[in-house]
Amino acid sequence: ISRGMATSSPMRSAINHVTIVGGGLMGSGIAQVAAQSGNKVVLVDVKEDIIKKAEESIVASLKRVAKKLHKDDHAKGEEFVKSTLANISYSVDLQKTVKSTDLVVEAIIENIKAKHTLFTSIDSVAPEHTVFASNTSSLSIGEIASVTKRKDRFGGLHFFNPVPVMKLLEVIRIDETSEETYQKLMNWGKAIGKTCITCKDTPGFVVNRLLVPQLGEAVRMLERGVATSRDIDIAMKLGAGHPMGPFELADYTGLDTTKYILDGWHEKFPDVELFKPVETLNKLVSEGKLGRKSGEGFYKYN
Ligand code: CAA
Ligand code: NAD
């Protein structure tokens, strides 16, 4: 076998080294689950203090997972935390990090310009075989990929919050995604313990296209005075078996995130009733009430 052929050998098709960009709520969870499965992970963010926070949240979450996995064996639990943490390193230098990575998962703010800047900055630096993926909630994967020269090695990997707990991964193919890339993404998703579904590049993919309009409808129901937010939440938990009611879930996801999603869709599809702006949601966000992360949303948190 010539050296040239070695680049397309099975070794290359396996994803072992992963770069996660954005160490917020989602990125830190994705880094954690990848590391738990033995990947070498580098988590990249823009500032050291954010990285420190990400590290703290990963340690806290890993301890919860360890408790569950090794209920009766404290030493094994500690070993699990230690060995997982050993698989994660942190960086503020994205360009340097991607030079030796098999997969880049982007989980930065939900803003197309920011995502374009990011992918443009790494497209010519990352190795040929490296696959790029975005964890966007609501933007078009094709539009994000359009600034790169590797649309065949581009797809969507949409995780759910909290990543270490939620079992689903939506794998999104754009028209240009090659079969090889798609298989790599599906196999990686399975390897990190997720159940994968395949979805076209349409707004909200499967889950958010159903979930986000429902959150909007719940707020409209509240505005019409049909019931209190607490009673609507109780109703959906006990009457529909949802683990959280719509207001609890909106607070959990972040009201700003929910608003960004609806605003983006409304701009693109102004005639769709379900995507229309929701007054109470906009008001809360303008007051800085973003849900759990800011201490108050539809509910107050201490
Ligand atoms: N890390 C590790 N483990 C965690 C965790 C975390 N961040 N959060 C919760 N857990 C574990 C807990 O340790 C606990 O484990 P045990 O069962 O062993 O005790 C288990 O999960 C349940 O947690 P809690 O007892 O604290 O609370 P709960 O029973 O209310 O469950 C929940 C919490 C899993 C978040 C549950 O309420 C739930 O499933 N809520 C709905 C979440 C959801 O719908 N997410 C999707 C949002 S949409 C999205 O993410 C897409 C988007 O693009 C916006
Ligand atoms: P977040 O605000 O918690 O975290 C974003 C992180 O990205 C921040 O730490 C920020 O410093 C960092 N960042 C911003 N620009 C960067 C850059 N150029 N390079 C490196 N890091 C950068 O946001 P989140 O809730 O984790 O969401 C991240 C992405 O995941 C978004 O696209 C969002 O739509 C999507 N998503 C969110 C959820 C959710 O429930 N919150 C669920 C699924 C998908």
Contact order normalised by residue count of the chain, Cα under 8 Å, 6+ apart, percent: 13 percent
FRET efficiency, E143 to I234 (Cβ-Cβ, R0 35 Å, nearest 0.05): 0.35
Proxy reagent accessibility, fewest Cβ within 10 Å first, across I20, I15, I50: I50, I15, I20
Partners for K76 among lysines (Cα-Cα distance below 16 Å; same-chain residues under 8 apart left out): K63, K67, K68
Centroid-to-centroid separation of the stretch 239-302 and the stretch 205-227 [C-alpha atoms, Å]: 9 Å
Taking the stretch 214-302 and dividing mean pair separation by its residue count, relative contact order in percent (alpha carbons under 8 Å, at least six apart): 28 percent
Helix 74-86 axis, angle to the chain major axis (alpha carbon atoms, nearest 10°): 70 degrees
Antiparallel bridges, percent of DSSP beta bridges restricted to the chain (to nearest 5): 15 percent
Euclidean distance of C-alpha centroids, the stretch 106-136 and the stretch 52-80, integer Å: 30 Å
Rel. contact order, % - alpha carbon contacts under 8 angstrom, at least six apart, the stretch 70-217: 17 percent
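Can you give the helix-only mean residue ellipticity at 222 nm for the chain, where every DSSP H stretch with n ≥ 4 adds -39500 (n - 2.57) and the sum goes over all residues, rounded to the nearest 500 deg cm²/dmol?
Theoretical 222 nm ellipticity from helices: -14500 deg cm²/dmol.
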Where N is the number of residues in the chain, Cα Rg divided by 2.2 N^0.38 Å: 1.04
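Each reported figure results from applying straightforward, stated rules to the coordinates on display, with no laboratory input. In this text the structure is predicted, and so the values were computed from the model without any measurement. Glycine gets a Cβ as well: all are built from the backbone with ideal geometry, and neighbour counts include every protein chain shown.
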